[in-house]
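Undergrad: Pasting a structure below so you can have a look.
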Amino acid sequence: QSPTVKLGGTALVAGTDYTLDYRDNVNVGTATVIVTGKGNYTGTKSATFKISKAKQPMTVKAAKKAKTAKAKTLKKKTVTLTKVVTVKKKQGTISYKNVSKTKKLKKFKVNAKGRIKVPAKTKRGTYAVSIKVADAGTSNYAAVAKTVTFKVKVK
């Protein structure tokens with residue numbers, strides 16, 4: 001914060017006419033700024049201001065190329081695909097959820113590490129799976145959720 005300091009309608013110059021001292025201005029909550037006169041000006045005045053949670057800087061990107069699973073392997077067992085989403089600059093605890101619209105796509109399970117499990121007996125084809133990545137935030141960062149869609153190809 002850079003407050004404007006005036007005396008009788010005249011704007012004063014920081015460093016020349018006054019100094020600023022801040023209290024409790026690092027975390028979310030109420031902070032205080034103390035203005036102390038300097039040079040031709042004397043006295044102090046304090047004011048409070050609110051610090052809100054910062055916008056979440058988290059970014060989420062889906063894999064650019066379709067992730068592939070072999071139909072032959074899927075005849076007998078579930079296949080786990082990795083690196084389907086990339087999460088950067090997270091601030092809090094991350095969670096993943098399959099938010100695909102159809103019942104068939106909801107069978108593609110996502111684990112706590114963001115890995116997709118393609119269920120056994122999935123037929124050949126290309127599937128567009130939507131994953132919601134949520135960051136719970138912290139005491140200083142707001143929570144956020146972003147949804148990405150990526151393709152799973154069964155050959």
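Undergrad: Please get the size of the charge dipole for the chain, origin at its Cα centre, with Cβ charges of +1 on Lys and Arg and -1 on Asp and Glu, quoted in debye to the nearest 20.
TA: It comes to approximately 2940 debye.
Undergrad: Suppose the chain between Lys104 and Arg124 were pulled fully straight at 0.36 nm per residue; how much longer would it get relative to their current alpha carbon spacing? Numbers along the way, then the final one.
TA: Details: separation 20, 0.36 × 20 = 7.20 nm, distance 1.30 nm.
Full extension from Lys104 to Arg124 adds 5.9 nm.
Undergrad: Continuing with the same structure: Express the carbon and sulfur contribution to the solvent-accessible surface of the chain as a percent, rounded to the nearest whole number, probe 1.4 angstrom. Walk me through the numbers on the way to the answer.
TA: Working: 5300 of 10620 Å².
Result for the chain: 50 percent of the exposed heavy-atom area is carbon or sulfur.
Undergrad: Could you compute the FRET efficiency for Asn140 and Thr78, with r as their C-beta to C-beta distance and R0 at 35 Å, rounded to 0.05?
TA: It comes out at approximately 0.35.
Undergrad: Can you give the FRET efficiency to the nearest 0.05 for Val13 and Ser46, using r as the Cβ-Cβ distance and R₀ = 25 Å?
TA: So the FRET efficiency works out to roughly 0.80.
Undergrad: Continuing with this model, one more query. Keeping every protein chain present and rolling a 1.4 Å probe, give me the accessible area per residue for region 55-155 in Å².
TA: Numbers: 6730 Å² over 101 residues.
The answer is 67 Å² per residue.
The values are calculated or read from the model by the stated rules, or taken from the named source; none is laboratory data. Everything numeric here is computed off the predicted structure, so don't read it as measured data. Neighbour counts are summed over all protein chains in view; Cβ atoms, including those assigned to glycine, are modelled from backbone coordinates with ideal geometry. With ligands, DNA and RNA removed, areas are computed over all heavy atoms of the protein, side chains included. Shrake-Rupley method; radii C 1.70, N 1.55, O 1.52, S 1.80 Å.
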